[in-house]
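These notes are about the structure you will find just below.
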Amino acid sequence: MTNQEIAKILDQAAKNAKTVPQMAEANKMTLAEAYAIQRQSIAMREQRGEQITGYKMGFTSKAKMEQMGVHDLIWGILTDEMEIQQGETVILSGWIHPKVEPEIAFRVSKDIDKQLILEELPEYLDAMAPALEIIDSRYENFNFSLEDVVADNCSSTGYVIGNWQPLSSNISNLKIDLIINDEVVESASSAAILKNPLQSVVELSRLAIQAGVIVKKGHVILAGAATKAHFLKQKQTLTATVESLGKVIFKTV
Ligand code: OOG
Ligand code: MG
């Protein structure tokens, strides 16, 4: 199969909420080809009128790497179609086997056009917020190789951002909880995200520059989940709380 054909299969799988088999091994897909397929599938979304709203980092914590059996940082692309408002009720039937995970989001205040170091971030970011990400792998049983998940835009499906707060550079030990209904199902420190979630933005700047991508002013960056993800079920209230940043909520039917 060509990269374009694989991109089309993955795009349609997401659009129609139908699983597809993994394709990387059979097609001897390299990581570079997987990212090319990811970009081609996003181009198909753009042709339908979707706009890029930001980027997400993945597998930035041990908990996520272990849960999914993949051991390398990845990045994916977010679009406006994936944006969910705080408090919104989402319909699960439009997805395959969605999971939810707690995240920290950053807002870009100046185009990122070079590889940044930690000390430069306050010049490029102006806000941070608690967030929830919905991931929905297009592969059967949520199983994939590194190349497969990258080609599938890193399972990107939905994201909810809480109220923006001023950026603080001292965020390497904040308590993060994932709460389903009234039960805390996961709890971690933000240190689980590369020892400091801001390091995730440093890594994104490196990957973006390598790929020739400029992360634009106004874009959102998800730093990657600090905990495992949980499958969504109907009639749930999902909450993420991040110490000193507050909480963000959505519901399912
Ligand atoms: C891939 C997405 C990983 C994260 O925060 O680590 C991710 C997946 O787990 O399906 O979003
Ligand atoms: Mg995530």
Between residues in region 4-17 that are in a helix (DSSP H, G or I) and residues that are basic (Lys, Arg) and open to solvent by 60 Å² or more (accessible area, probe 1.4 Å), which pairs lie under 9 Å by C-beta distance while being six or more apart or on different chains?
-> Ala7/Arg39; Gln12/Lys18; Lys15/Arg48
In the list Ala34, Ala43, which residue meets the criterion of being open to solvent by less than 10 Å² (accessible area, probe 1.4 Å), among the small types (Gly, Ala, Ser) and either out of contact with any strand residue (DSSP E or B) (no Cβ under 7 Å at 6 or more places or on another chain) or at positive phi (or both)?
-> Ala34
Could you tell me whether region 97-113 includes any residue that is over 25 Å from Val150 (Cα atoms) and of a type in the set (Gly, Ala, Ser)?
-> yes
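Of all the residues that make up region 67-83, how many are open to solvent by 40 Å² or more (accessible area, probe 1.4 Å), out of contact with any Asp or Glu (no Cβ under 8 Å at 6 or more places or on another chain) and part of a helix (DSSP H, G or I)?
So the count comes out to 1.
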Out of Phe250, Phe231, which single residue is aromatic (Phe, Trp, Tyr) and in contact with a Leu (Cβ under 9 Å, 6 or more places away or on another chain)?
-> Phe250
Single residue of Ser109, Ser61 found to be within 12 Å of ligand 2 (Cβ to nearest atom) and either small (Gly, Ala, Ser) or surrounded by fewer than 20 Cβ atoms within 10 Å (Cβ to Cβ) (or both) = Ser61
Can you give me the number of residues within region 112-140 that are open to solvent by 60 Å² or more (accessible area, probe 1.4 Å) and free of Cβ contacts under 8 Å to residues at least 12 places away in the same chain?
-> 1
Could you give me the residue pairs with C-beta distances under 7 Å whose first residue belongs to region 46-72 and is farther than 29 Å from Ser187 by Cβ, whose second residue is within 7 Å of ligand 1 (Cβ to nearest atom) wherever it lies, and which are 6+ apart or on separate chains?
-> none
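So which residues in region 84-106 are β-branched (Val, Ile, Thr) and either within 22 Å of Lys247 (Cα to Cα) or surrounded by fewer than 17 Cβ atoms within 10 Å (Cβ to Cβ) (or both), if there are any at all?
Ile84, Thr89, Val90, Ile91, Val100, Ile104
The values are calculated or read from the model by the stated rules, or taken from the named source; none is laboratory data. These numbers were taken from a predicted model, which means no experiment stands behind them. Cβ coordinates were reconstructed from backbone atoms using ideal geometry, including for glycine residues, and neighbour counts include every protein chain displayed. Note: accessible area is taken over every heavy atom of the protein model, side chains too, but ligands, DNA and RNA are not part of it. Shrake-Rupley method; radii C 1.70, N 1.55, O 1.52, S 1.80 Å.
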